[in-house]
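Reading through the structure tokens given below for one structure.
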Amino acid sequence: MGMTWFKEPKYAWIGLGSLWIIGFIGALTRFIMAYFQVQISEDLGISRGFISMAWSTNLLIAALCAPLGGWLVDRYGPKKVMLVSAVIGILGTGTVVLGHHSIVFFIGYGVISGFVGIGTTTTYMLVFEWFKHHRAKATALLASASSVGLAVSTPIFVSSSWLTWKDAFLTSFILGIIVTLPVIWFGIKGPGPKGNKAKKVQENELIKVEDQERPKLVSKGIAAHLPIFIVVAFALFTCGFNMGTVEMNLVAIHQLASVSPSMIALSMSVLGVMEITGSLIFGYFLDRVNKLVMMIILYAIRIMGFAFLFMHVGWSPVLFAMAFGITYLSAIPGGLLIVNEFAKGKGKQTGFLLLFHQGGGILGALIGGVSFDYFNNYQVLIGVDVFICLLVTLAYFFLFTTRKRSFRLQHIKASA
């Protein structure tokens, strides 16, 4: 642990640790929906389409809440918004736990839990506010929480056949009350005089940086400014679509390809481990290498991953898990960091960008079901994933080349 580790204030690392614990607990519901889809449908006597509808409703409400959450963070501060979001999450899981019925499941998971979306912007805004030297590493470490949750949950629930989705929801409900709420209350630094002063200094620094960037932005006009938001928004939409494909349909895709349960369990564990590895690798390089270059590499790896999934060869599940897992958690932080560099990352901006991500997730989940109904397979869905990842890779490459050219022209003018 070098001295550079201490360039950030102490409360930043305490806060990051608190956010990590919250993220770890939050991973349980993600694991439940990804792994227990068949069991849930059998126990409640509902179709997979009904579960997809609950999933999509959850994402839709969360998506609509993201911009609202960003506005609330700007107005009331992240701590209050996080507490409200956590309470809503506890109510959602509690509703599912207390009533084992299809409608209760839909209301608890599909509707109530969707309003947790008001807190989606808070973690990113806090990390961007707390950290100046290690932003990418901090977001990577934070993102690893859900992956560790997935990697830990999978072997526990797979090896213990007596543990069910109901147990997982109950665990999430209890941990939310006894861990999440106290961690937010005591571990997250609330807005105060020192925090406001630090924020003021940081905003002044960002304004200076923005003023320095302004000639470059103006010199290229729309070609330098607007595409940053358009490309990042489309990239986040694509990332959401990829996640909707994977989290809602991956197990079904493997089952249709006659993949053994042990191979599915292995691939999910690999996915969790690779997510942790990938988030740390990309987090390290995002602080050191051009962020646009890192995003080009990230989506190129995703193209390879979905190509493996499309082919359905013997080791496709593990190869896909490795390729997709290593990129899984870095697309959102990478995109938001790019926007944060060129425009002051206010909560509302982050919220609207995350709205595109959630929208992609909804379409990814729904198109999977629709394409299966029409074609009796998921090949069209996987093909769409390959195509849009290719478009994003080219779009980031375009941004990289135009900004590089702009920088060279400015450098030539300055030296003339």
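Each value in this text was obtained by applying a stated rule to the coordinates, not by laboratory testing. Because the structure is predicted, anything quoted here is derived from the model rather than measured. We place every Cβ from the backbone using ideal geometry, glycine too, and count neighbours over all the protein chains shown.
Structure above, values below:
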quantity	calculated
Most to least packed among 291-299, 378-386 [average Cβ atoms within 10 Å]	291-299, 378-386
Between the stretch 364-400 and the stretch 280-343, the alpha-carbon center distance in angstrom	15 Å
Listed pairs Lys80/Lys132; Lys79/Lys166; Lys10/Lys132; Lys132/Lys189 exceeding 20 Å between Cα atoms	Lys80/Lys132; Lys79/Lys166
